[in-house]
Amino acid sequence: MPPRTRASATNPASKRRANLLPLLLIFGLLCFGVAGLSIADMFVPRPYDGVVLYKIASDDLRVREVVPGSGADLAGIEAGNRIMGIGRTALRDEAHAAKLLSRYRIGDHVPYLIKADGRALEVDVKLGRRQIGDGIYFYICALGFAFFFVGLFVLVRQPGLLASQVFFLLSCLFQVFLVCRLRPASYSGVDSWILGLGTLALVLLPPAFLHFYVLFPRPAWIESLSEEGRGRPLVWLFRKGWPLLYFTTPVLFALGWWFSGAKRGERWFSDAPQLSWWLLGISLFLGLMALGANGRRLLGARERRGVALVLAGSVFGLLPFAVSSLFVGGQPNSRAFLMFGLIPLALVPITFTYAIVRFQLLDIRIILRRSLLYTVSTALLTGLYAGTIAAFNSMFSSSKLVSSGYFPIILALAIVLLFDPVRKRVQQLIDRSFFAGRSHLEQAMEDLGEAMMGRSDLQGAVGELVDRLPRILGFRFAGLYMLRRARLERIAGPEELPIRLPVLPELQRYLAKRRGVRRLDQMGSLPLRSPEVAQLVEDLAREGVEAVADLASRRRHIGLVLLSDRPGRAPLEDEELVLLERLLSQAAMALETGLLLEERTQKAELEREMEIAATIQAQLLPQAVRIGDQWTVSARCLPARLVGGDFFAQLPVGAGGDAVIYGDVSGKSVSGAMMMMAAHEALYTLAMAMEELPPERLFALANKRLYGLGKRSFVALGYFAGNGDSLDYLVAGQPPPLLRRLDGTVEELPLPEHRVPLGALPKGEYAPLSIGLKPGELLLAYSDGVTDARSPEGEFFGEERLEDVVASTVTLDPDDLVSQVLAAVKAFTRGGLLYDDVTLLAIGRSSESGQAAPDPEPSEPVDVKREE
Amino acid sequence: MTRQWMWFALGLAALLLPVFLWLVQSRHGEPEWTGRSPEALEELEAGLDDLARQYWNDAVVHFERALELDPDMPIAKLQLAQLYAGDDSERERFWRELEEFPKDQLNPREQFLIEYWTHRHGGRPAEAEAVLERYLAQLGEENSDPHALSVLCNDRWERQQWDEAEVCYRRLISRHPNWVQAQSRLGLIAMAQGQFELADESFQTFRYIAPDQAAPHDSIGQLQAVLGQYEDAERSFQHALEVKADYCMAVHHLQRLYFMWGKWQQADATLRRMESLDTCSYLDEWGVFCATRAWSAYVGGDVEGASQELFQGGCLEKRGGFDLLAYRLAVLGDDFQAADAMEAAIEGFISAKESAGFQGRRSYLEALLFHSRGVRLYAQGEWPEACELFKRADGLSLYWGLERSRFKLFNLMHLQRCYERSGHPTGVTATRQKISAVNPKVLTEDWLSDLD
């Protein structure tokens, strides 16, 4: 995946647009306020004569139109009349008229002096309450505010896009133009201000229209010109020089004002120079050409369709307005202007809104509630039915069918039979028109979720997630990090992403709390509170990551999903987020399943390995130990786990003799077993390599070897070798062996002074001792696992109990002794797990037959074997 | 220490407050007119109001009363001096006292008015103009003193600088839309130039803003009468008389209307009504009554009676030595000596007007002179020359009110007949069209059979 330079706030163009945003919003607020106040002003109770004025000269006020039913209308004042005096005062100018009227109250009769048909007449006008104007103006205001809200909506959705900013500006100007410029004026001084603002908006509309259409939905035409190296002035104008565009029309307007001069009445329309209307028309025409040029160069079919729709709406909506402004005679609020100019204007916001909703122009996605649309369509259909019934009733009211008693039944049947199929058809149409894309998306996400859940293997689930999700939602990539060995390791994703990520509990808590996808730039104050999080966010952002999501199951935290940006598309909409979060939940479950499966497999493999290890370890222990003909040795080794650290072995000691060693490695289970193997091999190799190695030398060399391993493990070792009637022994670290004498007493074997386990110290001095045994006497050597065995209550088996067991046995057979001791330990632990490995080594003096001395009482024969 | 500062601040405020109040008072509290007595000022205001309504007699009463209450009130004296109330010596006394009045006791407007009118009265038009310009400059471009503007506008009006006068009156109206005199004058200016629609507009506006005054109805009536709308004119004059029964101008114009209309009985009755009104006494002094009686007799065929009325009993003297009918009778009676004397009299008036620097009635007087001479030449059979004089008279005359409009039409009729006599059909047609465009009814009148 190619490295991507992520657009950031450091981009100068973006920064400028971001700086313009507050100004735009303030401007919009002002425009909205002005329009609102303009309308509100019309509700201020003022005495009103019903005259809508226009000014030919400062002292020549003419009646543009008369509100039907108003005092002026009833007095016979008509359009075209000149108002010369109000309230017995000759009229100076418009402001004077407002001042004169303000002296009266609603209901007062005021004498007016008018000039009509060349004659001056006095008429009596009864002042009424100021009216909002007629339905035409209401329609105009509705249009104006519709424009404003569409523009605001676009700006809120796409604040950084220049096209949306210009569109908002255009909407505000259009609103002010419609509400203020076309407002039915009267004498109020406020009117002059409002009409003036409307004129200002009219002046700025042409460049705004042109600017917008050049940018909408993308300035593809300008970009193609730039790439081809053509039209440099145009490219410069619309890229950098657009402020110049906004200065040109006011200058031209001023010139038009200046040159209209004495012929002001002739060359003006709606109190504005005709030149300004021409400018509007020309700008619209050029703008639509630019829009067409943009549309042709767009790559996406959907965008092209949207642009075509907007183009059609503009052509049929705006051009009639411009043409009727220029060529329809009469006053701006005349019927002709309404029919040909204003009504078609509604097409513009309608087509634009529909284009955004349907084709996601300007990368705006609108989530329409299907239920709402269904309800509205059903309501409209119901209304249509009701209207049809009413029309039918009215048209055929005199017919026999309507008066017949069967008519209601027939009607009800018709409604029942037709209503639902029609309603469904309409809903299907709605689905096809508005929700096609969304249903595809839902289906795709559903499929992906099922695919992941259907994969039992972890890699499969990961692959489904990381490969398909970007394609569905338009991400450049998706990356998956899973928690392994207390680190987040990259399992899937582009190689540019870090291999590992730090595990940051704050981040994890933050994401877990919010349960969903979070954008990196919407982490709130978390980066401020945690420098590590801030660093991570920065690093990820540099690699093109835009959002992260936490993956967690009920049992554990699984990892993180990293999502890139979506080139050419808007940030995730709410419904997409919901689908994504749902999918990630499914992904978490699928990954959890995979992990469990993996773990189980690993565990099974481990268990198998352990079993093999135990078998190998068991095979290392000799089946039987012989240290001379007059000695009978029985040894058992019982690991606390599957493998253990205890062992015993038979070592050659030279002159054809052997010794028995028994060892206890510090540590249990696998670690103990590994150490046991090392110690066993060290001792055995030394013994095999150096013939007739004295035991103290053996121990010293083994100690050196084991210490050199550096594992800080040590081996408690015991050594017995037959020497005539005695046993030579060495004990390093093992508990003192017990000796049961013939009289049944049990005593500990004297131990050498130096008995540090092997490997504990770099150097050891070991001095062997010797003990004589008579036939019938038994020596029991044991590892500390015997005495450390615990009862379920936590009591240790202990040396005393061991001595008692040894003392209580009457057997003379070492094997039997070992068995009895083991039985006693098992009975003590009541079947519970051994705390430590148990090794027992019993040595007895054989009889002259080489057999063990017979028991005083016969006992069950015990095999010299290792307990399992 | 804080208390001391507080007392200091209070003391300072106590000192500064009166100064401040005095300054405010001096800037905004200047009374409009100088006077010692509030009652006198009220009478003065009432008189000025009557003046605006053209109720001259009522105005004189109020001004005299104001002077009784405040003998030194300068503006009351000025108004009385201008209205020629009282006898000549009293008027001259007023002018003298006005010239001697201490100027520092007058506000700037009063200083200006007194200075201006004393120069005008003293036959110093240039100085008067200089005073006017100085005062206007002092007020500045945006001055809104209606009195100053009114003087300026009237000045231009009197000089017959119609365009400037119209601009001035419109400027006055733009600041004071209900300045009735301005509306009236605009109507007159328009009417004088034959812009009857515009004149109607101004008069209607005049009537609209002052429905309780007789003058606007009278003005409308005059226009209607000139245009041959006799019934409407009669109603307008009667309406004026309903507003003010002794409004002399309306009575006078009504009488003229009946005369034009051919309703001799009503004309005579109205004449008697005029004679009975105190407000019309000045007409008697000007010889209007005797001249009217002479015309009545003349149209009734009583030439002798008309001559007696004019030449005996001092009527001609009252008329200043000239009367249109008297001259006509003199010509018809071959009394060219009398005719010459009357020409000399009117020439004397013209010279006086010329030296005064104001056109005023000068053009009208010249028109009268040319017309009269035309009548003389017509009677002598010198028609081309007569036509030329009638034409010149037409060029100098305007549709200025009913009287002069009537004269203009009268003169046009003579011109038309003269063209007929001199075999100038084009002139006849053009003149008939000119008459017909104003008042076609005049074409049916026969005034020249006596000359033929």
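The values are calculated or read from the model by the stated rules, or taken from the named source; none is laboratory data. None of these values were measured; they are calculated from a predicted model. Backbone-built Cβ (ideal geometry, glycine too); neighbour counts: all protein chains shown.
Specify the residue that is nearest to B:LEU398 (Cα to Cα); the eligible residues are those in the range B:176-195 that are part of a loop (DSSP other than H, G, I, E, B) and within 11 Å of chain A (Cβ to nearest Cβ).
Among those residues, the one meeting the criterion is B:TRP179.
Being surrounded by 14 or more Cβ atoms within 10 Å (Cβ to Cβ), over 18 Å from A:LEU469 (Cβ atoms) and small (Gly, Ala, Ser) is the filter here; which residues of the range A:513-549 pass it?
Within the range A:513-549, A:SER530, A:ALA534, A:ALA541 meet the criteria.
Please go through the range B:29-77 and give me each residue that is hydrophobic (A, V, I, L, M, F, W, C) and within 22 Å of B:GLN183 (Cβ to Cβ), ordered by number.
Selection gives B:ALA46, B:LEU48, B:LEU51, B:ALA52, B:TRP56, B:ALA59.
Find the residue count for the range A:464-522, including only residues that are part of a strand (DSSP E or B) and among the hydroxyl-bearing types (Ser, Thr, Tyr).
Qualifying residue count, the range A:464-522: 1.
Against the conditions (1) among the small types (Gly, Ala, Ser); (2) on the phi < 0 side of the Ramachandran plot; (3) under 19 Å from the mean Cα position of the chain (by Cα), where does B:GLY287 fall short? Just the number, please.
Answer for B:GLY287: the failing condition is (2).
Can A:PRO762 be described as of a type outside the set (S, T, N, Q), at pLDDT below 90, surrounded by fewer than 23 Cβ atoms within 10 Å (Cβ to Cβ) and within 60 Å of the chain's Cα centre (by Cα)?
Against the criterion (of a type outside the set (S, T, N, Q), at pLDDT below 90, surrounded by fewer than 23 Cβ atoms within 10 Å (Cβ to Cβ) and within 60 Å of the chain's Cα centre (by Cα)), A:PRO762 qualifies.
Residues that are aliphatic (A, V, I, L, M), under 23 Å from B:TYR230 (Cβ atoms) and touching a Gly at 6+ places or on another chain (Cβ under 6 Å): does the range B:268-282 have at least one?
no
Considering only the range B:136-150, how many residues are part of a helix (DSSP H, G or I), surrounded by fewer than 22 Cβ atoms within 10 Å (Cβ to Cβ) and more than 14 Å from chain A (Cβ to nearest Cβ)?
Qualifying residue count, the range B:136-150: 7.
Looking at the range B:155-165 only, could you name the residues that are within 16 Å of the chain's Cα centre (by Cα) and at pLDDT 85 or above?
If the condition is that a residue be within 16 Å of the chain's Cα centre (by Cα) and at pLDDT 85 or above, then B:ALA165 is the only one that fits.
Evaluate the range B:207-222: report whether one residue or more is free of Cβ contacts under 8 Å to residues at least 12 places away in the same chain and touching a Gly at 6+ places or on another chain (Cβ under 8 Å).
There is at least one residue in the range B:207-222 that is free of Cβ contacts under 8 Å to residues at least 12 places away in the same chain and touching a Gly at 6+ places or on another chain (Cβ under 8 Å).
Sort out which residues of the range B:197-217 are outside any helix (DSSP H, G or I) and more than 10 Å from chain A (Cβ to nearest Cβ), and write them in order of number. Spell out how you get there, then give the answer.
We begin by selecting, within the range B:197-217, every residue outside any helix (DSSP H, G or I); these are B:210-213.
Once the filter is applied, which keeps residues that are outside any helix (DSSP H, G or I) and more than 10 Å from chain A (Cβ to nearest Cβ), the range B:197-217 yields only B:GLN213.
Take the residues in the range A:333-368 that are closer than 16 Å to A:PHE153 by Cβ and in a loop (DSSP other than H, G, I, E, B), then tell me which one is modelled with the highest pLDDT.
The qualifying residue modelled with the highest pLDDT is A:GLN360.
Out of the range B:334-378, which residues are small (Gly, Ala, Ser) and at pLDDT 90 or above?
Looking only at the range B:334-378, we keep the residues that are small (Gly, Ala, Ser), and these are B:338-339, B:341, B:344-345, B:348, B:351-352, B:355-357, B:360, B:363, B:367, B:372, B:374.
Matches in the range B:334-378: B:ALA338, B:ALA339, B:ALA341, B:ALA344, B:ALA345, B:ALA367, B:SER372, B:GLY374.
Please tell me if B:GLU99 is surrounded by fewer than 20 Cβ atoms within 10 Å (Cβ to Cβ), farther than 21 Å from B:ASP49 by Cβ and of a type in the set (D, E, K, R).
For B:GLU99, the condition - surrounded by fewer than 20 Cβ atoms within 10 Å (Cβ to Cβ), farther than 21 Å from B:ASP49 by Cβ and of a type in the set (D, E, K, R) - is met.
Hey, can you tell me all the residues within the range B:158-170 that are within 14 Å of chain A (Cβ to nearest Cβ) and of a type in the set (Asp, Glu)?
B:GLU166
Out of the range A:92-123, which residues are facing another protein chain (nearest Cβ under 7 Å), in contact with a Gly (Cβ under 9 Å, 6 or more places away or on another chain) and closer than 24 Å to A:LEU195 by Cβ?
Residues satisfying the conditions do not exist here.
Inside the range B:347-446, counting only helices (runs of 4 or more DSSP H) that do not spill past its ends, which hold 1 or more residues that are at positive phi and not hydroxyl-bearing (Ser, Thr, Tyr)? Reasoning before the result, please.
On the way: elements: B:362-379, B:383-396, B:401-421, B:425-438.
Fully inside the range B:347-446 and qualifying: B:401-421.
Between B:ILE220, B:ILE173, which is among the hydrophobic types (A, V, I, L, M, F, W, C), more than 19 Å from the chain's Cα centre (by Cα) and within 14 Å of chain A (Cβ to nearest Cβ)?
B:ILE173
What pairs come out if I take residues in the range A:739-768 that are over 23 Å from A:ALA679 (Cα atoms) and pair them with residues that are aliphatic (A, V, I, L, M) and assigned to a loop (DSSP other than H, G, I, E, B) whose C-beta lies under 7 Å away, six or more apart or interchain?
If the second residue must be aliphatic (A, V, I, L, M) and assigned to a loop (DSSP other than H, G, I, E, B), the pairs left are A:LEU739/A:LEU749.
Can you pull out the residues in the range A:31-73 that are more than 14 Å from chain B (Cβ to nearest Cβ), more than 24 Å from A:ASP108 (Cβ to Cβ) and of a type in the set (D, E, K, R)?
Answer for the range A:31-73, where residues must be more than 14 Å from chain B (Cβ to nearest Cβ), more than 24 Å from A:ASP108 (Cβ to Cβ) and of a type in the set (D, E, K, R): just A:LYS55.
Out of all the residues in the range A:523-546, which are assigned to a strand (DSSP E or B) and farther than 20 Å from A:GLU489 by Cβ?
If the condition is that a residue be assigned to a strand (DSSP E or B) and farther than 20 Å from A:GLU489 by Cβ, then A:GLU546 is the only one that fits.
Checking B:SER236 against (1) among the small types (Gly, Ala, Ser); (2) more than 14 Å from every other protein chain (Cβ to nearest Cβ); (3) within 24 Å of A:PRO111 (Cβ to Cβ), only one condition comes out false. Which one?
(2)
Please go through the range A:77-91 and give me each residue that is polar (S, T, N, Q) and within 12 Å of chain B (Cβ to nearest Cβ), ordered by number.
Hit for the range A:77-91 is A:THR89, nothing else.
Give me a count of the residues in the range A:469-499 that are at pLDDT 90 or above and among the basic types (Lys, Arg).
1
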